1. Restricted to segment 328-359, and to residues that are among the acidic types (Asp, Glu) and either in a loop (DSSP other than H, G, I, E, B) or under 16 Å from the mean Cα position of the chain (by Cα) (or both), which residue is nearest to Pro301 (Cα to Cα)?
2. So, in segment 237-273, of the ones that are surrounded by 17 or more Cβ atoms within 10 Å (Cβ to Cβ) and over 18 Å from Gln209 (Cβ atoms), which residue ends up nearest to the chain's Cα centre (by Cα)?
3. Quick test for you: out of Ile232, Ile221, Ile242, pick the one residue that is within 12 Å of Arg262 (Cβ to Cβ), modelled with pLDDT of 95 or more and of a type in the set (A, V, I, L, M, F, W, C).
4. Limited to segment 265-306, what total is found for residues that are out of contact with any helix residue (DSSP H, G or I) (no Cβ under 8 Å at 6 or more places or on another chain), within 26 Å of Ser337 (Cα to Cα) and either of a type in the set (Ser, Thr, Tyr) or assigned to a loop (DSSP other than H, G, I, E, B) (or both)?
5. With segment 39-139 as the region, which strands (runs of 3 or more DSSP E) entirely inside it contain at least 2 residues that are of a type in the set (Val, Ile, Thr) and either surrounded by fewer than 24 Cβ atoms within 10 Å (Cβ to Cβ) or touching a residue at least 40 places away in the same chain (Cβ under 8 Å) (or both)?
6. So which residues in segment 186-203 are outside any strand (DSSP E or B) and buried (at least 18 other Cβ atoms within 10 Å of the Cβ), if there are any at all?
Amino acid sequence: MSAALPATREMISQLIATPSVSCVHADLDMSNCGVIDLVAEWSENLGFDIELQEVGASKFNLIARAGSGGDGLVLSGHTDTVPCDPKLWTSDPFKARATEDRIYGLGSCDMKSFLALALAASGKVNLDKLKRPLTIVATADEETTMSGARLIADNGDKLGRYCVIGEPTGLVPIRQHKGNLTMSVEYQGQSGHASNPGLGNNALDGMFQFMAALYAYRDKIQRQYNDPAFAIPSPTMNLGHIHGGDNSNRICGSCLLLIDIRFLPAMSFAQLQAEIEQIATEVAVARGLGVSMQIFGDGMPAMDTDAASEIAQYLTHITGKKTGSVAFGSEAPYYNSMQTETIVIGPGSIDQAHQPDEFLPLGHIDPTIKILDDLIRHFCLA
């Protein structure tokens, strides 16, 4: 371990002890400045040059860079966590608790620990001897809007030729994940007394017709698209929330439906949106209803890194594991959009993420540092 850094487990403990919840509800949302300050201090102590990008109110990205040139390796992790309910935890979620084989704490696997491990691996090499640059990135708001990664992509400044994002994958290299489209459709009808349907226009009846059409559309795209690389090989559509009307004796005047679609890399976000909007509009016109639709955020693109890419091949070589696919999303598509070959691989399991008593297996710490050290030497020193 470099003398410029605290011990690895101490860095993990300090990061866990620094709350950085991101949430769409303003009363739960927090700044990530504390985490950024820690990673910036440790990075500077190692000899990295520091750049801070303002993402929003009290939100920042950190880009720590050593070496020069347009090539090289990026090690990226997000600084935020989801909210938690401390009453559901058996210990303080903001205090690292170690047992014989685990470290418990909010962000322990998703994914503050990866930032500490990336620094620990960087501290094992002489940064003055880099032939190609090494960059550590710590982003804001991955758990909500992905605005940190979006800003990096929108700026268009390629940070490296290769990138590893340390989401919890059990140290299996991941090259694909599905994209996500979340939207709402709301029908506006006319309320009236339930004793005479002719007094109004029932928005719930329209929603029932729309849902039937949606299920038919879901069957169509599931027949059309299939990728056996995924545990669930077809796109999925979940109708997760519906609300309409206010009383049994009133004709339903408005009805709202929330829709979640997880789509395959071969599919188009824009086409999905357009086709669902067309179905919703056709129902509205046929029934004389008003309709409004909203896309939440900009959606999440699918990830699809070529299995033949150099970083995919090298990670398969050093881990002995073929690249795979996962159901959860990441910031990888934004790096890929900058022509940066990106693989997701990190310690811990997604099964522990977003759960009470989230933990990182202690047995993943040294292997992660070894993998990152190998990557740095191969892509930045060789």
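The values are calculated or read from the model by the stated rules, or taken from the named source; none is laboratory data. Since this is a predicted model, take the numbers as computed values, not measurements. Here the Cβ is made from the backbone with ideal geometry for all residues, glycine too, and neighbour counts use every protein chain on show.
1. Glu331
2. The extreme case among them is Arg262.
3. Every option except Ile221 fails the conditions.
4. Qualifying residue count for the region: 5.
5. 49-56, 134-139
6. Gly189, Ser191, Asn202, Ala203
Conditions tested, residue by residue: (1) closer than 26 Å to Asp366 by Cβ; (2) in contact with a helix residue (DSSP H, G or I) (Cβ under 6 Å, 6 or more places away or on another chain).
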position: Val21; (1), (2): no, no
position: Ala26; (1), (2): no, no
position: Cys33; (1), (2): no, no
position: Ala40; (1), (2): yes, no
position: Gly56; (1), (2): no, no
position: Lys59; (1), (2): no, no
position: Leu73; (1), (2): yes, yes
position: Thr81; (1), (2): yes, no
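Conditions (1) under 30 Å from Ile261 (Cβ atoms); (2) among the acidic types (Asp, Glu); (3) not assigned by TED's automatic domain parsing to the domain that holds Thr169, marked per residue:
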| position | (1), (2), (3) |
| --- | --- |
| Glu310 | no, yes, no |
| Phe328 | yes, no, no |
| Tyr335 | yes, no, no |
| Met338 | yes, no, no |
| Gly348 | yes, no, no |
| Phe359 | no, no, no |
| His364 | no, no, no |
| Pro367 | no, no, no |
| Asp373 | no, yes, no |
